[in-house]
1. Scan segment 276-290 residue by residue and report those that are of a type in the set (A, V, I, L, M) and touching a Pro at 6+ places or on another chain (Cβ under 9 Å).
2. Applying the selection to segment 247-297, what residues are modelled with pLDDT under 95 and more than 16 Å from the ligand (Cβ to nearest atom)?
3. Among the candidates 301, 315, which residue alone is surrounded by fewer than 23 Cβ atoms within 10 Å (Cβ to Cβ) and within 27 Å of residue 192 (Cβ to Cβ)?
4. Considering segment 284-297 alone, what residues qualify as being touching a strand residue (DSSP E or B) at 6+ places or on another chain (Cβ under 9 Å) and either of a type in the set (Val, Ile, Thr) or free of Cβ contacts under 8 Å to residues at least 24 places away in the same chain (or both)?
5. Within the set of pairs 6 or more residues apart or between chains, which connect a residue that is β-branched (Val, Ile, Thr) inside segment 18-29 to a residue that is part of a loop (DSSP other than H, G, I, E, B) with Cβ atoms less than 6 Å apart?
6. Which pairs do you get when a residue that is without any contact (Cβ under 8 Å) to a residue 40 or more places away in the chain, found in segment 47-71, comes within reach of a residue that is more than 16 Å from the ligand (Cβ to nearest atom) and of a type in the set (Lys, Arg), reach meaning Cβ atoms under 7 angstrom, with the pair 6+ apart or on two chains?
7. Here is a list: 139, 179. Which entry is closer than 23 Å to residue 326 by Cα and among the acidic types (Asp, Glu)?
8. Please enumerate the residues belonging to segment 28-54 that are under 23 Å from residue 168 (Cα atoms) and in contact with a strand residue (DSSP E or B) (Cβ under 7 Å, 6 or more places away or on another chain).
Amino acid sequence: MTEVKFDWESGIEEVCLKLQGKKRIGIQVPEGLKPRAHQIVERVRELTGAKIVLWGEPTYGACDLADRPLEEIGADALIHMGHLPMPYHSEFYAVPTYFVPVRHTGELNLSKEGIRKIKEILPSKIGIVTTAQHLHMIDEAGKELEKSGFDTSVTTGGPRLAAAGQLLGCNSSAARKLDVDGYLYIGTGLFHPLTVALSTGKKVACIDPHSGEVTEANAKPFLKQRYAAISVAKDARRWAVLFSNQIGQKRIDLADKIADLLTSDGRETMMIGSIHQSHDQLLGMGIEAAVITACPRLAIEDGPTWPIPLLTVPEVQILMGKREAEPYPFDEFA
Ligand code: SF4
């Protein structure tokens, strides 16, 4: 298996130059970087002389900052690693917040065979999209594909997005805004390319930048699973409407509306708030189905492991007859 290496050190050094004189600095690291947490803490301590707090809650994106709890314990800065800022809420941080990008350090592994497979899947006019860790590979991919006859383009999406070509699990506007006939996704995992395929109705070829393997995003198993969850939820009487207080995931008005919709259909509903949501929080309450108004990835990625159906907001609207079931509507944050 190819070893994947990420560069966090150069970003830490750059940010620490701005943090001289700070007394207590909080750090958030995503799950994949936890094995390096001790080195990161030591390096920031060494470079700033400040007291360091590693924030222990998981973090899944720039939507999920620890600025408010860190303010409560007297921290005067937050270093948030692995995600790009969300421009639309950058004015509201409770403590000054610094984002340190974490990049995959390997080269993009785009071979002749890889290009041949991309040609098999996609027409020639394509957009290129990716996640924060692989943004620096977009230019190289574009140049190589143009040499092979593709017409490539890249654009920046909505106010949740900081860079051209960037996708979030809850926002594929960088793909939708392009006038193209298909997309190349650089990255791993199926969730992001599926959001692009389903929200645009166009083909998506995925290249794993580490192995160079090219595949087509296949939505069929995913759609089967989601429509099955909607069908099972039809008979549920007692519902939890889950919401988060995190600034980038908070949709209280929407949670109210969904609770009202379910109640007007004769279902019992309970609004349940937390930073992160899990099935354990619902144990002992006789809940038969839940809807997530916070991060929609929870329903898509973890939902199938829950013993009760966990739906997204558009899926509940389908269930209640308020929107069409097809094409499948992803839950996108504006
Ligand atoms: S997909 Fe979820 S974790 Fe990622 S940015 Fe959106 S709300 Fe945050």
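1. Pass one, segment 276-290, residues of a type in the set (A, V, I, L, M): 282-283, 285, 287, 289-290.
Within segment 276-290, 289, 290 meet the criteria.
2. None; the set is empty.
3. Details: 315 fails: surrounded by fewer than 23 Cβ atoms within 10 Å (Cβ to Cβ).
Testing whether each residue is surrounded by fewer than 23 Cβ atoms within 10 Å (Cβ to Cβ) and within 27 Å of residue 192 (Cβ to Cβ) leaves just 301.
4. Going residue by residue through segment 284-297, those that are touching a strand residue (DSSP E or B) at 6+ places or on another chain (Cβ under 9 Å) are 285-296.
Result: 287, 291, 292, 293.
5. Cβ pairs passing all conditions: 25/50.
6. 48/22; 50/22; 50/23; 50/24; 51/23; 51/24; 52/45; 53/24
7. Details: 139 fails: closer than 23 Å to residue 326 by Cα.
Being closer than 23 Å to residue 326 by Cα and among the acidic types (Asp, Glu) holds for just one of 139, 179, which is 179.
8. Going residue by residue through segment 28-54, those that are under 23 Å from residue 168 (Cα atoms) are 28-34.
If the condition is that a residue be under 23 Å from residue 168 (Cα atoms) and in contact with a strand residue (DSSP E or B) (Cβ under 7 Å, 6 or more places away or on another chain), then 28, 29, 30, 33 are the ones that fit.
The values are calculated or read from the model by the stated rules, or taken from the named source; none is laboratory data. In this text, all values refer to a predicted model and were calculated from it rather than measured experimentally. Positions of Cβ are generated from backbone atoms using ideal geometry, with glycine treated the same way; all protein chains shown enter the neighbour counts.
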